[in-house]
Amino acid sequence: MKKIIIISGPMGVGKTTTGIALCDKIGKTAFIDGDWCLDIHPFVGNKETKDMAIKNIVYLVKNYYYCSECENIVLSWVISEKRIENIISELKDIELRIFSITLTCNEEELLKRWKNDKTVDWRTDEWYKESIKSLEDYNNRKNTIIIETNKKQIEMVVNEIIKKIK
């Protein structure tokens, strides 16, 4: 049975980097970055655009599901538990093993990663504060596999995910 691995966590924790590395390691895997599904310039993150992003994600997941070259799908996004439930609900008509993975780290580690990420121009102090505020929520989630990533190399995190989804 095909799998979808939904990777969530605070901004800057390493979801995209981990998701891409996971795809490379397990192969035959599609990668969906939730940010791509909500790529409006200038950025608008309201209910309408987030609902649209969910529809885009569901559409992509189903297309990858029906592709014979694809055995797994990795979705990476800053996403609430409610929106994960929405996605899962919209996928009930296809047979997927669904894994929810939450990446987290401490404030010190998040700041280090935040400062080292030069690829995203919106890495501002304001968004960093929002990311720090979200740490508690991610650390206390239910119905997910929480992986603490402090001082871990990407390969270690990927291997931990692989063990959890076997």
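Bear in mind that the values in this text are calculations on the coordinates, not laboratory data. Keep in mind the model is a prediction, meaning the values are calculated, not measured. Heads up, the Cβs are rebuilt from the backbone with ideal geometry, glycines too, and the neighbour counts pull from every protein chain shown.
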**OP:** Test each condition in (1) more than 15 Å from the chain's Cα centre (by Cα); (2) among the small types (Gly, Ala, Ser); (3) under 13 Å from residue 11 (Cα atoms) for residue 89 and report the one that comes out false.
**Re:** (3)
**OP:** Take the stretch 71-90 and flag every residue that is within 18 Å of residue 141 (Cα to Cα) and assigned to a helix (DSSP H, G or I).
**Re:** 81, 82, 83, 84, 85, 86, 87, 88
**OP:** Would you point out the residue of the stretch 26-62, among those that are outside any helix (DSSP H, G or I) and within 14 Å of the chain's Cα centre (by Cα), that is farthest from residue 84 (Cα to Cα)?
**Re:** 30
Original post:
Looking at (1) farther than 18 Å from residue 97 by Cβ; (2) over 14 Å from the mean Cα position of the chain (by Cα), can you tell me which one residue 17 breaks?
Top reply: (2)
Original post:
Among the residues of the stretch 109-120, is any touching a residue at least 24 places away in the same chain (Cβ under 8 Å), exposed (fewer than 14 other Cβ atoms within 10 Å of the Cβ), not in a loop (DSSP other than H, G, I, E, B) and not polar (S, T, N, Q)?
Top reply: no
